[in-house]
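Let me begin by presenting the structure, written as structure tokens, before commenting on it.
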Amino acid sequence: MESVSELLTEQEAAIYDRQIRIWGADAQRKLSKARILVVGITGVVAETCKNIVLAGIGSLVLMDDSPMTFEASAANFLVPFDELEGQGNSIATVCASSLRDFNPMVQVSVEEGGISSKPDEFYDRFDAVIMGRSSLTLRTQVNEACRKRPHRVAFYSVDCRGTCGSLFVDLQRHSFTSKKAGDDKAAQQDISFPSLQEALNVPWSSFNKRTSKLLFALRIIDQFEVDVGRRPGQLSSQDLPDLISYRGKMCAIQKVPESFVPDNLLQKLASVGGTELPPVCAIIGGILGQELIKAMSCKGEPLKNFFFFDASDGKGIIECVVPSQMNDH
Amino acid sequence: MADQQQQPSSLPSSRTDDGSGMENRWRDIDRLLLRSGNLVGPGFEPGPELREALENDFRVLVIGAGGLGCELLKDLALSGFGHIDVIDMDTIDVSNLNRQFLFRIVVSFGSIRSSLSSKARAICGWKSCTAVGVDCRMQDVGKPKSEVAAARVMQRVKGVTVIPHFCKIEDKDIAFYKDFQIIVLGLDSLEARSYINSVICGFVEYEEDGSPDLSTIKPLVDGGTEGFKGHARVIIPGITPCFHCSLWLFPPQITFPLCTLAETPRSPAHCIEYAHLIQWGQDRIGEYFDADNPEHMKWIYDQALKRGEQFNISGITYSLTQGVVKNIVPAIASTNAVVAATCALETLKIATMCSTGMDIYMQYTGTEGIYLRTVPHDKDRNCIICSPGVPLEVDKSITLQKFIDTLLKDSRFKLKLSKPSVSYHGNNLYMQAPAVLEEMTRPNLQEQLLRLMGGETSDVLNINDRRLTGVLRVRVTFREGADTIDMDTAGT
């Protein structure tokens, strides 16, 4: 009589058959051991969670104490409509319940409290952390905390605003196998990533003209939100004049002309504030989901290190932002 | 809520008008639909009527309720479309569950029994299973995909109506497709795409100058995925290339030459296909091969292994055998998410003109990093499916009968025609059926085509045939034949 663990694998083999044919049973096993933490559940984060839960990660911990509201549910498919009526549940609790339905084989749980109050050892429980919408200060703080841990904690941050979406990846030092076109066997490669702070410190004047404007526009908005003490995603068209003069200051510091960041891009981002478009969330959530799967299974070249998307023209752009003294891979 | 009425720019009430603060539910979509900008499409008028139109006036058809279909239904419902139909001929299989998230695998816990067999616990086998469950059920396996998907989406997104159709696309009357303004495809075969493309292109009517009558156009948004790769594109029949014009975009489908299978196999797939396509017929004469029969599949696997040993080819596994024989397409959730969402975005743009549309084809590759690129294409003016008139030069003296014979011999149309009927500006020149019409129009066969067309030296004829799904439009141009006499110059 087969052991329970063998039968478990048979169960997984049946459900995961179609993806095992792509990345192999070994990668699937690695994935099933992955422990993921998600902080701040917006629509794009919900999409990402769906994708990684369906793929069969080991465990997922959700952190978001904000109360459930209709607005939060607009771009979030994990929230059943009827459960919104004053039950006092947090977003994390409601989403966790839906995610368990998607794949009962994944351990989904909720962690209460804010991430900034967690001790350093908290991060040892995880192999990857995904930050949803959050202040730039908090993102750099969590990224630094991840980098201090003895075992590698991968770091991702993601945000969608209107038709735009952005992604940042920090896998520290990462080894992966990938098959180059024309080769018979997969080869092992090593790649290293700068921290978020290191990437932020790269001077704008060193970027070439073709760099995605979204990179600078979002940086301005991030920094503006921090400096004037606004919650991320709360901007509106009324902030545009202040945002424009802030751009002037930042461009002067960075020694680049103001035309680096077009007016209409800032206007578009300011006017949407923090609203999310469901299809844009699904696209970015699909890409982030796949990035996480690659990192946890060590198979396939990861995105390094920023990704920008604008649904207005359908273009997705990867920007590699590394300090010049880093050995570029 | 009284104060909502006093705000001049208040958002219109949403589907359930119970004043419970639901207005904010559509805040995200409204941002797109209530403002102008420099990227909007031509004729875009921001306003709350747009969202109401999405909710009430639009009917979208989603073809396929699988990997792409589930994602499409979610994205379209959340984007504000109120009336969605979905058609799919399949039932749910356990291998769908890694990505088709509208279908569930659920453990329901029966009453706790004092003694449990370890086998029952093992069958349950959930890692997180701490309760003592005896009644494990794969909830949705075996049910029709379209019906389960429709029910789940309506459960999750209040106010949307999703109507399922559990059948093949060919089973529907062509008129069925006329009810929808936009059709979105989440298909897994070239044949199905080709079919629906022909139907939609057949609806288009053209003016004299070859331009399409806009009111007869139904846009098609087509998505496809395979493993890490996928594409999304927009087909506006009559304007962009149709599926047929751009068939070359699809990679060649893998087939192995018989001589390779028989004489010089090199790969595990060759061994497997040899057993499947050649040995089965020889050794199990008269027996129909059933890919879902484990004994049949095991037989193929055993034979393939032996052949592999014979030719020193390794790597033949049972899983690979299934994959090759059933032509299994590997699939993951994230690729489907990206492609379906791109299609949903384009559908939203087409319906509301709220942004510039994709021009016209997007390729996504998730393997080495990410590759997301949009490419414009031009349509093939001589495409037999969507062209306003495929050119054909004929003799001035030609009769209708000879013209039909010419059509049947033309290499471009041969495979598409068997018994063509010909009409000109709505008049039936020759109808193959019904018998009454055939008899009536039969005398025309001996008439000069030029005369039947009122002397027009170049004009479009519509050809219908039971082999054609749509209509074949042929632009006939009459040229001077060697045996015609120019009456004006005769005798000089």
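Using only alpha carbon pairs under 8 Å that are at least six residues apart, calculate the relative contact order of chain A and give it in whole percent. The partial results should precede the final answer.
On the way: 554 pairs, mean separation 68.0, N = 329.
Value for chain A: 21 percent.
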- Message: Based on alpha-carbon centroids, what's the gap between the stretch A:162-239 and the stretch B:141-200 in Å, whole number please?
- Response: 39
- Query: From the phi of every residue in the stretch A:44-55, what ³J(HN,Hα) in whole Hz does the Karplus formula 6.51 cos²θ - 1.76 cosθ + 1.60 yield, where θ is phi - 60° and glycine or proline is x?
  - Reply: 5, 5, 4, 4, 4, 4, 4, 5, 7, 5, 4, 6
- Note on the structure: Excluding residues fewer than 8 positions from B:LYS396 in its own chain, the aspartates and glutamates with Cα under 19 Å of it are B:ASP405, B:ASP410, B:GLU447, B:GLU456, B:ASP459, B:GLU480, B:ASP483, B:ASP486, B:ASP488
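What order do you get for A:TYR246, B:TYR288 when you list them from fewest to most C-beta neighbours inside 10 Å?
Working: A:TYR246 18, B:TYR288 8.
With the sparsest Cβ surroundings first, the list reads B:TYR288, A:TYR246.
Please report the orientation-averaged projected area of the stretch A:102-181, defined via the convex hull of its C-alpha atoms, in nm². List each step's numbers first, then the result.
Numbers: hull surface 34.1 nm².
Answer in nm², one decimal: 8.5.
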- Message: From the C-alpha coordinates alone, can you work out the Kirkwood hydrodynamic radius of the stretch B:258-326, in Å?
- Response: 11.7
- the stretch A:63-148 - convex hull of alpha carbons, volume per residue in Å³: 109
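Taking the alpha carbon gyration tensor of the stretch B:390-491, what are the square roots of 5 times its eigenvalues, largest first, to the nearest whole Å?
Values: eigenvalues 123, 49, 27 Å².
Taking √(5λ) for each Cα gyration eigenvalue gives 25, 16, 12 Å.
May I ask you to sort A:MET250, A:MET296 by Cβ crowding, counting other Cβ atoms within 10 Å and putting the fewest first?
Details: A:MET250 18, A:MET296 23.
Fewest-to-most Cβ neighbours within 10 Å comes out as A:MET250, A:MET296.
Using the beta-carbon distance between B:THR365 and B:SER397 and R0 = 56 Å, what value does 1/(1 + (r/R0)^6) give for FRET efficiency, to the nearest 0.05?
Given R0 = 56 Å and the Cβ-Cβ separation, E is 0.50.
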- Leaving out same-chain residues fewer than 8 places away, which aspartates and glutamates sit with a Cα under 15 Å from that of A:LYS179? A:ASP190, A:GLU301, B:GLU368
- Neighbouring Cβ atoms within 10 Å as the yardstick, rank A:SER73, B:SER267, B:SER421, B:SER215 fewest first. B:SER215, B:SER267, B:SER421, A:SER73
- Message: Can you classify chain A as rounded, prolate or oblate using the Cα gyration tensor, where a ≥ b ≥ c are the square roots of its eigenvalues, rounded means a/c under 1.5, and otherwise it's prolate if a/b beats b/c and oblate if not?
- Response: oblate
- How about B:LYS306: which lysines have a C-alpha closer than 26 Å to its C-alpha, ignoring those fewer than 8 places off in the same chain? A:LYS185, B:LYS298, B:LYS326
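Once you have a ≥ b ≥ c as the square roots of the Cα gyration tensor eigenvalues for the stretch A:96-240, tell me rounded if a/c is under 1.5, and otherwise prolate or oblate according to whether a/b is larger than b/c. Mind showing how you got there, number by number?
On the way: a/c = 1.61, a/b = 1.13, b/c = 1.42.
Oblate is the answer for the stretch A:96-240, as a/c is 1.5 or above yet b/c matches or exceeds a/b.
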- Segment B:PHE311-B:GLU226, extension gain: residue separation times 0.36 nm, minus the distance between their alpha carbons: 27.5 nm
- Task: Enumerate the amide H contacts of A:LEU60 below 5 Å, restricted to partners 5 or more residues apart or on another chain; note that Pro and chain-start residues carry no placed amide H.
- Result: A:ILE36, A:GLN107, A:VAL108, A:SER109
- If the limit is 27 Å between Cα atoms, which of A:LYS50/B:LYS349; A:LYS148/A:LYS213; B:LYS143/B:LYS168; A:LYS294/B:LYS74 go over it? A:LYS148/A:LYS213
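For the stretch A:247-284, state which trypsin sites (Lys or Arg not before Pro) are in a DSSP loop and have at most 12 other beta carbons lying within 10 Å of their beta carbon.
Listed in order of number, the matching sites are A:LYS255.
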- Query: By what distance, in whole Å, do the Cα atoms of the stretch A:11-53 stretch along each of the three principal axes, largest value first?
  - Reply: 32, 18, 17
- For the stretch B:202-216, take each phi angle, set θ = phi - 60°, evaluate the Karplus expression 6.51 cos²θ - 1.76 cosθ + 1.60, and give the result in whole Hz per residue in order, putting x for glycine and proline. x, 6, 6, 10, 10, 7, 3, 7, x, 8, x, 6, 4, 6, 9
- Between the alpha carbon centres of the stretch B:264-281 and the stretch B:294-322 the gap in Å comes to 9
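The numbers here are math on the coordinates, done by the rules we state, and not lab data. Every value quoted in this text rests on a predicted model; they were computed, and no experiment measured them. Glycine also receives a Cβ, built like all others from the backbone with ideal geometry; neighbour counts cover every protein chain displayed.
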